[in-house]
Amino acid sequence: MKEEIKGFILWPVCITVFFLVSITACKREQMPLAEVEITGILIITPVSALVRGKVVSAMGYELIEKGICWSKSPSPTINDNKISAYLNPYLTPFEIIINHLTPETRYYVRAYASSAAGTAYGEELSFVTPFDLSGEQGSVTDIDGNVYSTIGIGTQVWMAENLKTTSFNDGASIPEVSANDAWCTTWTPACCWYDNDEESGRNTYGALYNWYAVSTGKLCPAGWHVPDSAEIQKLTICLGGQDVAGGKMKVPGTQFWDPPNTGATNSSGFSGLPAGLRWGDNGGFFRKGRLLYL
């Protein structure tokens with residue numbers, strides 16, 4: 001009888017111990033990941049894209065890395081392709097240029113942010129790169145009969161020579177202003193040649209125009225226009241960003257550009273020449289051989 005009673009008492013004790021152990025073995029909580037998103041795909045060219053991202057919240061952790069990842073397949077991760085952005089400050093929007101893309105191809109992109117808690121990904125977006133006109137050559141003639149070579153770059157077509165017309169595309173003449181003081185006090189369309197050297201301008205560098213001539217919208221040949229800042233930015237992105245685009249647009253060597261002209265390849269075919277500029281405040285000529293102003 002004693003043994004039976006002892007066994008009867010031990011059984012509920014064992015159950016109680018097991019129950020206590022089971023309810024205290026809790027699962028470890030998942031550390032919260034950062035919140036990140038793409039706020040826009042700003043520019044798409046046949047071979048590149050400009051993507052803007054933002055870290056919404058670091059969730060209290062110090063970020064290790066943030067940036068953009070992409071792939072030709074959905075749900076890209078940092079193990080596919082990635083470019084990181086500057087970390088500090090964490091919540092500042094960042095822009096990434098994705099280069100070396102393939103024309104007419106769909107890409108998937110996500111913003112990411114990594115901390116001790118792991119890597120967080122934002123919502124996936126996608127885009128399709130357009131047809132590539134790069135390298136396609138042609139020509140255009142202005143109203144004065146000047147013929148200019150043209151070159152395709154990305155989705156755009158550009159003149160590969162500096163403009164030298166002295167007439168608007170409606171036939172009206174653009175007055176030539178030589179004197180420095182007259183240039184400063186002319187509030188109507190005007191043109192000139194650098195250092196008043198017409199031969200050099202017509203044969204090589206083109207003419208210089210004041211804002212009043214440019215703003216008429218009639219300076220370029222019919223069907224063409226002076227590029228705006230958005231179009232220039234698109235050209236820059238297509239050529240890999242501002243750190244390298246200039247070299248791809250400049251004629252190499254030191255025949256036209258001042259030495260050393262490092263990095264100039266003209267690989268785009270743009271054939272940029274340094275025509276310089278003329279100041280509006282004193283009429284002086286400035287930086288021929290060093291400056292190409294789009």
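Key figures
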read-out	value
Residue check for Tyr112: under 30 Å from Gly135 (Cα atoms), at pLDDT 95 or above, of a type outside the set (Lys, Arg) and surrounded by 15 or more Cβ atoms within 10 Å (Cβ to Cβ)	no
Entirely in the stretch 64-151, the strands (runs of 3 or more DSSP E) that have 2 or more residues that are touching a Cys at 6+ places or on another chain (Cβ under 7 Å) and not small (Gly, Ala, Ser)	81-84, 106-115
Residues of the stretch 152-170 classified as part of a loop (DSSP other than H, G, I, E, B) and either among the basic types (Lys, Arg) or in contact with a Lys or Arg (Cβ under 9 Å, 6 or more places away or on another chain) (or both), total	6
Answer from Gly122, Gly135, Gly154, Gly118 - the residue that is on the phi > 0 side of the Ramachandran plot, surrounded by 19 or more Cβ atoms within 10 Å (Cβ to Cβ) and under 32 Å from the mean Cα position of the chain (by Cα)	Gly154
Residue match in the stretch 242-257 (condition: closer than 18 Å to Asp197 by Cβ and surrounded by 14 or more Cβ atoms within 10 Å (Cβ to Cβ))	yes
Answer residue from the stretch 16-56, given it is among the hydroxyl-bearing types (Ser, Thr, Tyr) and at pLDDT below 90 and is nearest to Glu231 (Cα to Cα) among those	Thr24
Failed item, numbered, when Tyr293 is tested on (1) at pLDDT below 95; (2) surrounded by 13 or more Cβ atoms within 10 Å (Cβ to Cβ)	(2)
Pro93 at pLDDT below 95 and either assigned by TED's automatic domain parsing to the domain that holds Ala275 or in contact with a Ser or Thr (Cβ under 8 Å, 6 or more places away or on another chain) (or both)	yes
Selection count where residues are within 21 Å of the chain's Cα centre (by Cα) and of a type in the set (Phe, Trp, Tyr), scope the stretch 157-173	1
Residue check, Gly247 small (Gly, Ala, Ser), farther than 24 Å from Pro175 by Cβ and not in a loop (DSSP other than H, G, I, E, B)	yes
Failed criterion for Trp224 (all others in (1) within 24 Å of Pro175 (Cα to Cα); (2) within 26 Å of the chain's Cα centre (by Cα); (3) surrounded by fewer than 16 Cβ atoms within 10 Å (Cβ to Cβ) hold)	(3)
Any hit, the stretch 210-218, residues being assigned by TED's automatic domain parsing to the domain that holds Asn146, touching a Gly at 6+ places or on another chain (Cβ under 9 Å) and at pLDDT 95 or above	yes
Unmet requirement for Val177, which otherwise passes all of (1) surrounded by 18 or more Cβ atoms within 10 Å (Cβ to Cβ); (2) under 32 Å from the mean Cα position of the chain (by Cα)	(2)
Unmet requirement for Arg106, which otherwise passes all of (1) crowded, with 17+ Cβ neighbours inside 10 Å; (2) at pLDDT 95 or above	(1)
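The values are calculated or read from the model by the stated rules, or taken from the named source; none is laboratory data. Keep in mind that what you see is a predicted model, and the values were worked out from it rather than measured. Note that each Cβ is placed from the backbone with ideal geometry, even for glycine, and that neighbours are counted across all protein chains shown.
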